[in-house]
Amino acid sequence: SQQGEEDPQALSIQEGENATMNCSYKTSINNLQWYRQNSGRGLVHLILIRSNEREKHSGRLRVTLDTSKKSSSLLITASRAADTASYFCATDQITGANSKLTFGKGITLSVRP
Amino acid sequence: SAVISQKPSRDICQRGTSLTIQCQVDSQVTMMFWYRQQPGQSLTLIATANQGSEATYESGFVIDKFPISRPNLTFSTLTVSNMSPEDSSIYLCSVAMGGIETQYFGPGTRLLVL
């Protein structure tokens, strides 16, 4: 089963508004990452937050992590039409010798101009 | 970061045939991965391509169906064998440098099997 589960599955907002996307996961993690995918292309890494961090900022992105609730949120402020994409959370789980990323189902964000 | 290219970018194949996808990185990387993304779905890890040894496959994926080569630290191939329409997906390679933490993805290969 998927480690990460994002919600909502789809989000439509007006340009200039903020977009908040949530991700929940099931097992202990080393870190949690957010990726963006435009129109079925490759994924672009947005931001990484480690398990001992609670909040991180990068430009218009703000990510939070609550390990007690096993959840994370990604906030995009002052959204632009160019932010229209699918967003995935991915967890780097604590496994054996090799860690690996497990991706959630993704959120489709549409920003209307 | 790393610049990753994949060939082909897309292909339409007949069932029963095989397709080999290439992944080239512009620098030496520690880890290379192959993912499948079925239409409208998330990414599923197929295998980790190990340089100089056999790939490590995830549950549900086998070497006979998805043979992988990794002859050096900058190149890997994934073959989708004996294809069926269910193999229609985007196949993505990714790399991690140094620590595993951040992965950089290629542009993907969009495969349609008729």
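The values are calculated or read from the model by the stated rules, or taken from the named source; none is laboratory data. Please read these numbers as outputs of a predicted model, since none were measured by experiment. We place every Cβ from the backbone using ideal geometry, glycine too, and count neighbours over all the protein chains shown.
Considering only segment A:1-44, give the strands (runs of 3 or more DSSP E) lying wholly within it that have at least 3 residues that are at pLDDT 85 or above.
Numbers: elements: A:5-7, A:10-14, A:19-24, A:29-37.
Correct list: A:10-14, A:19-24, A:29-37.
Can you tell me which of A:68, A:73 is among the small types (Gly, Ala, Ser) and either at positive phi or in a loop (DSSP other than H, G, I, E, B) (or both)?
On the way: A:73 fails: either at positive phi or in a loop (DSSP other than H, G, I, E, B) (or both).
Matching residue, one of A:68, A:73: A:68.
So, in segment B:48-74, of the ones that are of a type in the set (A, V, I, L, M, F, W, C) and touching a residue at least 24 places away in the same chain (Cβ under 8 Å), which residue ends up farthest from residue A:9 (Cα to Cα)? It would help to see each step written out before you state the result.
Initially, segment B:48-74 is screened for residues of a type in the set (A, V, I, L, M, F, W, C), giving B:49, B:55, B:61-63, B:66, B:68, B:73.
Keeping just the survivors that are touching a residue at least 24 places away in the same chain (Cβ under 8 Å) gives B:49, B:66, B:68, B:73.
Working: B:49: 31, B:66: 30, B:68: 33, B:73: 37 Å.
Per the criteria, the residue is B:73.
Tally up the residues in segment B:77-110 that are more than 12 Å from the chain's Cα centre (by Cα) and closer than 28 Å to residue A:91 by Cβ, please. Reasoning before the result, please.
Here is the first cut: in segment B:77-110, the ones more than 12 Å from the chain's Cα centre (by Cα) are B:81-88, B:96-104.
Within this subset, residues satisfying the condition of being closer than 28 Å to residue A:91 by Cβ are B:86-88, B:96-104.
Number satisfying all stated conditions: 12.
Within the group B:83, B:32, B:97, which residue is hydrophobic (A, V, I, L, M, F, W, C) and more than 14 Å from chain A (Cβ to nearest Cβ)?
The match here is B:83.
Within segment A:41-52, does at least one residue satisfy the condition of being within 19 Å of residue B:90 (Cβ to Cβ) and small (Gly, Ala, Ser)?
Checked segment A:41-52: at least one residue is within 19 Å of residue B:90 (Cβ to Cβ) and small (Gly, Ala, Ser).
Residue A:55 versus (1) buried (at least 17 other Cβ atoms within 10 Å of the Cβ); (2) in contact with a Lys or Arg (Cβ under 8 Å, 6 or more places away or on another chain): which is the lone unmet condition?
Against the list (1) buried (at least 17 other Cβ atoms within 10 Å of the Cβ); (2) in contact with a Lys or Arg (Cβ under 8 Å, 6 or more places away or on another chain), residue A:55 comes up short only on (1).
Going by the conditions given, is residue B:48 over 22 Å from residue B:107 (Cα atoms), under 14 Å from the mean Cα position of the chain (by Cα), within 14 Å of chain A (Cβ to nearest Cβ) and of a type in the set (Val, Ile, Thr)? Even if it seems obvious, please write down each step before you answer.
Working: over 22 Å from residue B:107 (Cα atoms): no; under 14 Å from the mean Cα position of the chain (by Cα): yes; within 14 Å of chain A (Cβ to nearest Cβ): yes; of a type in the set (Val, Ile, Thr): yes.
No.
Within segment A:51-69, is even one residue over 11 Å from the mean Cα position of the chain (by Cα), within 13 Å of another protein chain (Cβ to nearest Cβ) and not acidic (Asp, Glu)?
Within segment A:51-69 (the criterion being over 11 Å from the mean Cα position of the chain (by Cα), within 13 Å of another protein chain (Cβ to nearest Cβ) and not acidic (Asp, Glu)), the answer is yes, since at least one residue qualifies.
Just one of B:53, B:94, B:84, B:27 is polar (S, T, N, Q) and buried (at least 20 other Cβ atoms within 10 Å of the Cβ); which is it? Walk me through it before giving the result.
Values: B:53 fails: buried (at least 20 other Cβ atoms within 10 Å of the Cβ); B:84 fails: buried (at least 20 other Cβ atoms within 10 Å of the Cβ); B:27 fails: buried (at least 20 other Cβ atoms within 10 Å of the Cβ).
None of the others qualify; the one that does is B:94.
In segment A:19-50, how many residues are more than 10 Å from every other protein chain (Cβ to nearest Cβ), surrounded by fewer than 14 Cβ atoms within 10 Å (Cβ to Cβ) and in contact with a Lys or Arg (Cβ under 9 Å, 6 or more places away or on another chain)?
Here the count works out to 2.
Within segment A:87-94, identify whether any single residue is closer than 22 Å to residue B:48 by Cα, away from chain B (no Cβ under 11 Å) and part of a loop (DSSP other than H, G, I, E, B), and answer yes or no.
Within segment A:87-94, one or more residues are closer than 22 Å to residue B:48 by Cα, away from chain B (no Cβ under 11 Å) and part of a loop (DSSP other than H, G, I, E, B).
Give the number of residues within segment B:52-76 that are within 14 Å of another protein chain (Cβ to nearest Cβ), of a type in the set (S, T, N, Q) and under 14 Å from the mean Cα position of the chain (by Cα).
Summing the residues that are within 14 Å of another protein chain (Cβ to nearest Cβ), of a type in the set (S, T, N, Q) and under 14 Å from the mean Cα position of the chain (by Cα) in segment B:52-76 gives 1.
Let me confirm something: among A:73, A:79, which residue is at pLDDT 95 or above, in contact with a Cys (Cβ under 8 Å, 6 or more places away or on another chain) and small (Gly, Ala, Ser)? Please lay out each step first, then the result.
Values: A:79 fails: in contact with a Cys (Cβ under 8 Å, 6 or more places away or on another chain).
Testing whether each residue is at pLDDT 95 or above, in contact with a Cys (Cβ under 8 Å, 6 or more places away or on another chain) and small (Gly, Ala, Ser) leaves just A:73.
Given the criteria in contact with a Phe, Trp or Tyr (Cβ under 9 Å, 6 or more places away or on another chain) and under 25 Å from residue B:16 (Cα atoms), does residue B:56 qualify? Steps first, please.
On the way: in contact with a Phe, Trp or Tyr (Cβ under 9 Å, 6 or more places away or on another chain): no; under 25 Å from residue B:16 (Cα atoms): yes.
When the stated conditions are applied, residue B:56 does not pass them.
Which residue, of B:17, B:44, B:77, is assigned to a loop (DSSP other than H, G, I, E, B), of a type in the set (Val, Ile, Thr) and either modelled with pLDDT of 95 or more or surrounded by fewer than 20 Cβ atoms within 10 Å (Cβ to Cβ) (or both)? Even if it seems obvious, please write down each step before you answer.
Values: B:44 fails: assigned to a loop (DSSP other than H, G, I, E, B); B:77 fails: assigned to a loop (DSSP other than H, G, I, E, B).
Residue meeting the stated conditions: B:17.
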